[in-house]
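The structure under discussion appears below in the form of structure tokens.
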Amino acid sequence: MKKFVSILLILWTVAVYAQDPRERVYNYEILQPSHDPKPKVEGFATQRISEKLNRGVVASATDKGVYVSWRLLASDPADVAFDVYKKTGTGAFQKINTQPISATTDFFDKSKARSGVKYKVIASNGEESEESAVVPKKKGEALAYRSVPLRDSLIAGRVGVGDLNGDGAYDFVILHPASNKDPSFRADSNKITYKIEAYLNDGTFLWKNDLGDGIEPGVWYSPFVIYDLNSDGKAEIAVKTAPTGIRNVNGTVTSGPEWISIWDGMTGKELARADWIERGPRFGEYNRNNRQQLGVAYLDGKTPCLLVARGTYRCMIVDAYQFMPDNKLVKLWRWDGDEENPVVRSQGAHGMAIADVDGDGRDEVILGSAVLDDDGTLLWCAGLGHPDKVNVTDIDPSRPGMEVFYACEITNENGQGVSMRDAKTGAAIWGIGKTTLHVGDGMVADIDPSRPGLECFATEDPKGGSSEKYLLDSKGVQFGSGDDVPPCRLWVWWDADLLREYVRMDGDRQRPVFKTYVSKYKGSDVASGIEGRVALTGDILGDWREEIVTSLPGELRIYTTPVPAADRRVTLLQDNTYRQRITTHTMGYQQSPVPSYYLGEK
């Protein structure tokens, strides 16, 4: 019997290899692992290593005064309160609030004096923040913004953040040129090489590395992430590298070595390298299927571990490493989807999500429809095939734990192309109940306060043969379609309530300069006059609301909300699911980050 089953698996696998992976019919029954667990990861850390974050004080000029906000940290006592201090020129700092601030982490200074003015914040436990100068509001502009100058009028493509010098503030690592078209779309791609540059948060240039012609231009061939991997308090850059002189006349690289390299964040010098997951026929045609990604997960609950992934539409393989304090890369495990179970093939997504879905304190890796346990074995697979978008958070707070919302590219006749699964077990919760052809986008956000939980929305890509749009509540009840469905891209918490707003762009997204607005669902704009191509959104400054980072020729702009807060919350960056979406924002298809917990109106 066992021999018969093996023969069937071989025949099934051969048939799978011959098919177009996006036209395959899938088994939608949940696939549970059929193996014994591997040994648990035991990293070098003795206690959880977390990023050191400062208060992130930001003071923004407005027409009516200066708006000051700062971070609440997970380490703060529950009853912590704050005082705001101000100084002008060479004078001494003077407290400007009359009562300790405990309801929010912001303050509005109605004074019009701004030249040479600085603010700082002191917590009731005596901890002082860094000094923050006022971000000016230029004449005729709607919002103040911090400007980070870039060299040579370059336009940043992907933008990553991390603390490169250990001062508790995020610095910037950019990839350019901004084009992300791969060789199969660009006849002149053999002339393009990507460069990576690093800047401190004040715009101080640190270094520039040219990835060379061994790395093809394209978002799937040039992954990099910024994170403190060896616990020295300063972020490193993990990046795919290769030797030069191996690109062929078509602009592609189909042979030769490939590496995962670790660079020093302050100098750009290589500290360590290991072989990247090797090419092979199991992955299919190189430019179509060899999508490559990086990620960071706390596989032992304490140590940040580096994930190296290859494959999306066919074979998928993931290597896990720890980067030791002595700067050595040590492999922890390899997961080979084909060896685990052929049904796991072609389940990959365009981004990697990280979450502790089973509540054991160790992170799992969400690779589209497949979820890896912390030990490098399959936890479950939904069998939905390739999803274009995957959102992992607490969508329905009436249920225990987190849920996964899927927007699947694969033609789906079983009503699961737009669906929700239990994040711990993969069990189906609901599906849209109708055939979908190519669902190309999806998002979860609380946009309707009359409905409990987060709303789920998705759109079909017209190239699949449908332009349908879907808006559902957390229970899977569809209550909107067509123009009722908001955009799926670029959502931020901007104003004082817990409903999320979307970033609306006026003009061609490919242009480096155009107008951007922040809008309420079926409501008015709450911010306008934002300029530049949106490169990153996230809670990187101030209180728990989010910033919008835009790219223009020769600069990055950081726009932060001037709207007074209604409450206070620990910075979203200290939720690891949210933080790791920020980490992986440098590659793949970009998604707005969500935390592991429910964040919306009651």
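The values are calculated or read from the model by the stated rules, or taken from the named source; none is laboratory data. Bear in mind that the values here come from a model prediction, so they are computed numbers and not experimental data. Here the Cβ positions follow ideal geometry from the backbone for every residue, glycine too, while neighbour counts run over all protein chains shown. Keep in mind that these areas ignore ligands, DNA and RNA; they rest on the heavy atoms of the full protein, side chains included. Shrake-Rupley method; radii C 1.70, N 1.55, O 1.52, S 1.80 Å.
Sort 517-526, 231-240 by packing, meaning the average of other beta carbons within 10 Å per residue, with the highest value first.
Going from most to least packed, we get 231-240, 517-526.
Can you work out ³J(HN,Hα) from phi for every residue in the range 58-74, in order, using Karplus 6.51 cos²θ - 1.76 cosθ + 1.60 and θ = phi - 60°, giving whole Hz and x for Gly and Pro?
Here the 3J(HN,Hα) series is 9, 10, 10, 6, 10, 5, 10, x, 10, 9, 10, 9, 7, 7, 9, 9, 4 Hz.
With N set to the number of residues, divide the alpha-carbon radius of gyration of the range 292-334 by 2.2 N^0.38 Å and report two decimals.
1.22
Taking only the Cα atoms of the range 201-241, how large is their convex hull per residue, in Å³?
102 Å³
Would you please give the residues with an amide H less than 5 Å from that of Ala353, counting only those at least 5 places away or on a separate chain, with H modeled from the backbone geometry?
Ile366, Gly368
Please express the shape of the range 61-208 as an equivalent ellipsoid: the semi-axes are the square roots of 5 times the eigenvalues of the C-alpha gyration tensor, given largest first in whole angstrom.
Listed largest to smallest, the semi-axes of the range 61-208 are 39, 19, 14 Å.
Please list, in chain and number order, the residues 5+ apart from Cys305 or on another chain whose amide H is under 5 Å from its amide H, with Hs placed from the backbone.
Ala297, Tyr298, Leu299
Within 10 Å, count the other beta carbons around each residue, average over each peptide in 322-330, 560-568, and list them highest first.
Order by mean packing, descending: 560-568, 322-330.
Through the Karplus equation 6.51 cos²θ - 1.76 cosθ + 1.60, θ set to phi - 60°, convert the phi angles of the range 399-404 into ³J(HN,Hα) values in whole Hz; use x for Gly and Pro.
Once θ is set to phi - 60°, the couplings for the range 399-404 become 9, x, x, 9, 10, 10 Hz.
Enter the per residue convex hull volume of the range 37-91, computed from alpha-carbon coordinates, in Å³ rounded to the nearest integer.
205 Å³
If you take the alpha carbon radius of gyration of the range 200-306 and divide it by 2.2 N^0.38 Å, what ratio comes out, to two decimals?
1.18
Over the residues of the range 546-586, compute the C-alpha Rg and express it relative to 2.2 N^0.38 Å.
After normalising by residue count via 2.2 N^0.38 Å, the value is 1.45.
Helix 2-18 sits at what angle to the longest principal axis of the chain, using alpha carbons and giving 0 to 90 degrees rounded to 10?
Around 60 degrees separate the two axes.
Dividing the convex hull volume of the alpha carbon atoms of the range 273-409 by its residue count, what do you get in Å³ per residue?
Once divided by residue count, the hull of the range 273-409 is 100 Å³.
If you plug each phi of the range 110-125 into the Karplus form 6.51 cos²θ - 1.76 cosθ + 1.60 with θ = phi - 60°, what whole-Hz ³J(HN,Hα) values come out, in order, with x for Gly and Pro?
3J(HN,Hα) across the range 110-125, in whole Hz: 6, 5, 8, 6, 10, 5, x, 8, 10, 10, 8, 10, 10, 6, 5, 8.
If I histogram all Cα-Cα distances within the range 66-111 using bins 5 Å wide from 0, what percent of pairs lands in each bin?
Computed distribution, short to long bins: 5, 19, 28, 23, 15, 8, 3.
Evaluate the relative contact order of the range 49-115 (contact order divided by residue number), counting alpha-carbon pairs under 8 angstrom at least 6 apart; express in whole percent.
35 percent
For the range 452-602, evaluate the Debye formula with one uniform point scatterer on each Cα (no solvent term) and list log10 I(q)/I(0) at q = 0.16 Å⁻¹, rounded to two decimals.
Rounded to two decimals, the profile gives -1.00.
Please compute the per residue accessible area over the chain with all protein chains in place, 1.4 Å probe, rounded to a whole number of Å².
That works out to 38 Å² per residue.
Limiting things to C-alpha atoms, what are the Rg and the maximum Cα-Cα separation (Dmax) for the range 260-349, in angstroms?
Expressed in Å, the Cα Rg and Dmax of the range 260-349 come to 14.3, 44.
Accessible surface of Tyr313 in the full protein assembly, 1.4 angstrom probe, to the nearest 10 Å²?
That residue has around 10 Å² of solvent-accessible surface.
Net charge near Asn230: determine it from the other residues with C-beta under 12 Å of the C-beta of Asn230, scoring Lys and Arg +1 and Asp and Glu -1.
Summing Lys/Arg as +1 and Asp/Glu as -1 gives -3.
Would you please give the FRET efficiency between Ser111 and Asp232, computed as 1/(1 + (r/R0)^6) with r the Cβ-Cβ distance and R0 = 45 Å, to the nearest 0.05?
Efficiency, rounded to the nearest 0.05: 0.65.
Sticking with the crude label model, points 7 Å out along Cα→Cβ, report the distance from Asn125 to Asp336 in nm, one decimal please.
In this crude label model, Asn125 to Asp336 measures out at 4.9 nm.
How compact and how long is the chain, expressed as Rg and Dmax of its alpha-carbon atoms in Å?
23.9, 86
Points 7 angstrom from Cα along the Cβ direction at Tyr286 and Ala78: gap in nanometres?
5.9 nm
When only Cα pairs under 8 Å and 6 or more residues apart are kept, what is the percent relative contact order across the range 463-602?
18 percent
Could you give me D for the range 501-584, from Stokes-Einstein at 10 °C and 1.306 mPa s, where the hydrodynamic radius is the Kirkwood radius over C-alpha pairs? Units µm² s⁻¹, please.
So the translational diffusion coefficient is about 114 µm²/s.
Where does each of 152-165, 111-124, 372-385 land if you order them by average Cβ count within 10 Å, highest first?
Top to bottom by mean Cβ count within 10 Å: 372-385, 152-165, 111-124.
Please list the three semi-axes, largest first and in whole Å, of the ellipsoid equivalent to the range 358-420, using sqrt of 5 times the eigenvalues of its alpha carbon gyration tensor.
In descending order, the three semi-axes are 21, 16, 8 Å.
Percent relative contact order of the chain, based on C-alpha pairs within less than 8 angstrom and at least six residues apart?
14 percent
Just to verify a number: what accessible area does Asp358 come out at with the full protein assembly present, 1.4 Å probe, Å² rounded to tens?
Counting only protein heavy atoms, the figure is 40 Å².
Tell me the mean residue ellipticity at 222 nm calculated for the chain from its helices only (DSSP H runs of n ≥ 4, each -39500 (n - 2.57), averaged over every residue, nearest 500).
-1500 deg cm²/dmol
What distance in nm separates the simple spin-label points at Asp36 and Val477, each placed 7 Å from Cα in the Cβ direction?
Label at Asp36, label at Val477, 4.9 nm between them.
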